[in-house]
Amino acid sequence: MLTRRNTVDNGSANWISVGDVKLKFVKNYVDLPSLKLKNAIHFSACSYSGPIALAYSHSTTSWFISIWMSSGLSLKERIEVPDVFTVEWTKGHRLLVIDRRGNSFLYSSLGELVSNFHFSSNIREVRDVRVFTTTHDSGVAVLDDQMRVFIVNSVNEPIVWSMHNR
């Protein structure tokens with residue numbers, strides 16, 4: 001398998017033109033046949049060529065997540081989670097899994113459960129999730145089916161606050 005340091009730079013082959021700007025194309029993940037990407041429903045790659053999380057579903061309520069290194073080495077094969085809505089990596093290389101009812105699970109990059117928290121017991125269905133970075137951590141904003149927004153500024157010390165019409 002080639003790494004970034006071992007690739008041959010053949011002039012302009014790695015550069016992509018976007019309007020007047022040229023961007024260099026760098027492959028971080030090359031030759032990973034052991035990943036079963038074809039069957040994955042959710043895919044999330046951690047920043048800086050960190051771990052990759054893949055979520056698979058057997059039914060709408062039965063899910064499992066696998067965590068892999070960018071080299072193709074498996075870190076955790078099967079993390080069973082219910083009803084996954086999204087899988088995202090945080091700034092601190094922790095895996096954040098949010099289900100359709102607003103329950104959140106935070107895993108280490110090795111697949112160990114670190115913590116869990118709930119945005120609200122009144123959420124019937126999550127519609128959208130955005131993970132954002134802060135100076136020290138990552139936060140999460142959740143939009144539910146009643147157009148209420150629930151926000152946590154730090155996933156490591158979650159304090160949930162909400163914005164909605166009364």
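Values computed for the structure shown
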quantity: Inter-part distance where the range 125-165 and the range 41-86 are each reduced to a Cα centre, Å; calculated: 21 Å
quantity: Rounded, prolate or oblate (a/c below 1.5 giving rounded, otherwise prolate when a/b exceeds b/c) for the range 35-164 by Cα gyration tensor; calculated: oblate
quantity: Candidate aspartates and glutamates for bridging to K91, where Cα separation is under 12 Å - those fewer than 8 sequence places away on the same chain excluded; calculated: D137
quantity: N156 long-range amide H proximity, modeled H, under 5 Å; calculated: S138
quantity: Given charges at beta-carbon only (K, R positive; D, E negative), |dipole| of the range 35-164 in Debye; calculated: 220 debye
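Quick note: the coordinates plus some simple rules give every number you see, no bench work behind them. Quantities reported herein were computed from a predicted structural model and do not represent experimental measurements. Glycine gets a Cβ as well: all are built from the backbone with ideal geometry, and neighbour counts include every protein chain shown.
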